[in-house]
Amino acid sequence: MDSEWDEIRSEAERAVRRGKFDEASQLWLQAVALCNDLGKYDPRRIIALEGLANVYWRTNQFSDALPIL
């Protein structure tokens, strides 16, 4: 699971750098889904949620970002 999560995280970060926010949000959602069974405070889950909230924030989807923050 760690290597899969790391790969998705890297792809999501690349998508953000390229300005492909739709792709990035889908990747971050995949990363969050992988962490659902790891507990609320698992660092990978927190990183994925932060990445997703960042994408929402950068695309002015504030109502989606606020519950995550």
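Could you pull out the residue among R44, R9, R14 that is open to solvent by 50 Å² or more (accessible area, probe 1.4 Å), in contact with a Phe, Trp or Tyr (Cβ under 7 Å, 6 or more places away or on another chain) and part of a helix (DSSP H, G or I)? Let's see the steps before the verdict.
Details: R9 fails: in contact with a Phe, Trp or Tyr (Cβ under 7 Å, 6 or more places away or on another chain); R14 fails: in contact with a Phe, Trp or Tyr (Cβ under 7 Å, 6 or more places away or on another chain).
The match here is R44.
Considering only residues that are more than 16 Å from W57 (Cβ to Cβ) and not hydrophobic (A, V, I, L, M, F, W, C), look in segment 21-41 and name the one that is least open to solvent (accessible area, probe 1.4 Å).
G39
Any residue in segment 35-56 that's hydroxyl-bearing (S, T, Y): show its pairings with residues that are modelled with pLDDT of 95 or more and surrounded by 13 or more Cβ atoms within 10 Å (Cβ to Cβ) at Cβ separation under 9 Å, as long as the two are six or more apart or on different chains.
Y56/F21; Y56/S25
The values are calculated or read from the model by the stated rules, or taken from the named source; none is laboratory data. Note that this is a predicted model, so its numbers are computed, not measured. Positions of Cβ are generated from backbone atoms using ideal geometry, with glycine treated the same way; all protein chains shown enter the neighbour counts. The accessibility values were calculated without ligands, DNA or RNA, using every heavy atom of the protein model including side chains. Shrake-Rupley method; radii C 1.70, N 1.55, O 1.52, S 1.80 Å.
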